[in-house]
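Have a look at the structure below before the remarks.
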Amino acid sequence: MDDLVQVGRVGKPHGLQGAFYVERASEDPQRFAKGAKLLCAGEPAVVVESKRAQGRPVIRLDVAAPRGAELAIPRAELPPPAEDSYYVFQLVGLAVEEEGGRPLGTVRDVDPGVAHDVLVLDSGVALPLVEDCVLEVDLAAGRIKVAPGFAD
């Protein structure tokens, strides 16, 4: 499963033909285009219908899609992120410490926000994913360094 990346989750139904809203959808607008190939709950699936409603993708697959099922693609299909950008899976599990070395916890998730995303740590701390707060992301070392004062 480590070679798969979640790009969404089957949400509430839309209409009577088996279409559904995609929750926590990938930002890539082509990810859910008609003909796109995904894995739904680990099984191969093809998008047979695609539109947007209320600003979110609504799709229908060629297989049954149980509500809450993960929609994923192989990691190798992802384009490289833009400079100073990261995929959520790259950040989850990284240790977070203040500039002086004080450990703050480990990234549990990244919550999307209106103005900016938020790093959610296992210690209960939430940090804004902005340049003033996040000083360095070192994927090789498995560490994120943040400016002092944001965790207080």
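The values are calculated or read from the model by the stated rules, or taken from the named source; none is laboratory data. Given the structure is predicted, the values throughout are model-derived calculations rather than measurements. All Cβ positions, even for glycine, are placed from backbone atoms using ideal geometry, and neighbour counts span all protein chains on display. Accessible surface is based on the protein model in full, side chains and every heavy atom, while ligands, DNA and RNA are left aside. Shrake-Rupley method; radii C 1.70, N 1.55, O 1.52, S 1.80 Å.
Which distance in Å, rounded to a whole number, links the C-alpha centroids of the range 81-152 and the range 1-73?
28 Å
Can you list residues from other chains, or at least 5 along the same chain, whose modelled amide H is less than 5 Å from the amide H of Val118?
Asp111, Gly113, Leu129
Using a 1.4 angstrom probe on the protein heavy atoms only, could you order Asp138, Asp3 from most to least accessible area?
In descending accessible area the options line up as Asp3, Asp138.
List the residues, sorted by chain then number, that are 5 or more residues from Leu104 or on another chain and whose placed amide H is less than 5 Å from its amide H.
When sequence neighbours closer than 5 places are left aside, the close amide H contacts are Val96, Glu97, Glu98.
Whole number in Å², please: accessible area per residue of the range 49-152, 1.4 Å probe, ligands, DNA and RNA not counted.
Spelled out: the 1.4 Å probe surface of the range 49-152, per residue, equals 59 Å².
With label points built 7 Å along Cα→Cβ from the Cα atoms of Asp138 and Ala126, find their separation and express it in nm.
Each label point is offset 7 Å from its Cα along the Cβ direction, giving 2.9 nm.
Evaluate the relative contact order of the chain (contact order divided by residue number), counting alpha-carbon pairs under 8 angstrom at least 6 apart; express in whole percent.
17 percent
For the range 106-114, what does the Karplus curve 6.51 cos²θ - 1.76 cosθ + 1.60, with θ = phi - 60°, yield as ³J(HN,Hα) per residue in whole Hz, taken in order and with x for Gly and Pro?
Karplus-based 3J(HN,Hα) across the range 106-114 equals 10, 5, 9, 6, 10, 8, x, x, 5 Hz.
What is the ratio of the Cα radius of gyration of the chain to 2.2 N^0.38 Å, where N is its residue count, to two decimals?
With N residues counted in the chain, Rg over 2.2 N^0.38 Å equals 1.19.
Under 18 Å Cα-Cα from Lys51, which lysines qualify once same-chain neighbours fewer than 8 residues away are excluded?
Candidates past the 8-residue exclusion: Lys12, Lys34, Lys37.
Quick one: which residues, 5 or more positions from Ala19 or on another chain, have an amide H under 5 Å from its amide H? H modelled 1.01 Å from N in the peptide plane, none for Pro or chain starts.
Hits under the 5 Å cutoff: His14.
Running a GNM on the chain with Cα contacts under 10 Å, which residue among Ala19, Ala72, Ala140 ends up with the highest mean-square fluctuation?
So, out of Ala19, Ala72, Ala140, the one fluctuating most is Ala140.
Checking the cross-link filter: which aspartates and glutamates have an alpha carbon closer than 17 Å to that of Lys145, excluding same-chain neighbours under 8 positions apart?
Straight-line reach from Lys145, under 17 Å: Asp84, Glu97, Glu98, Glu99, Asp109, Asp117, Asp122, Glu131, Asp132, Glu136.
Determine the calculated [θ] at 222 nm for the chain from helices alone, applying -39500 (n - 2.57) to every DSSP H run no shorter than 4 residues and normalising by the residue count; nearest 500 deg cm²/dmol.
That calculation yields -500 deg cm²/dmol at 222 nm.
What ³J(HN,Hα) values, in whole Hz, does the Karplus curve 6.51 cos²θ - 1.76 cosθ + 1.60 give for the range 59-64 when θ = phi - 60°, with x put for Gly and Pro?
10, 10, 9, 7, 10, 5
Residue-wise, which Karplus ³J(HN,Hα) couplings in Hz belong to the range 82-92, taking 6.51 cos²θ - 1.76 cosθ + 1.60, θ = phi - 60°, and x for glycine or proline?
Values per residue, Gly and Pro as x: 4, 4, 6, 10, 9, 7, 3, 4, 6, 8, 4 Hz.
State the percentage of accessible surface on the chain attributable to carbon and sulfur atoms; use a 1.4 Å probe and exclude ligands, DNA and RNA.
Within the chain, the accessible surface is 50 percent carbon and sulfur.
Can you pull the one-decimal nm distance between simple spin-label points at Tyr87 and Val114, each 7 Å off the Cα toward Cβ?
Here the answer is 3.0 nm between the modelled labels.
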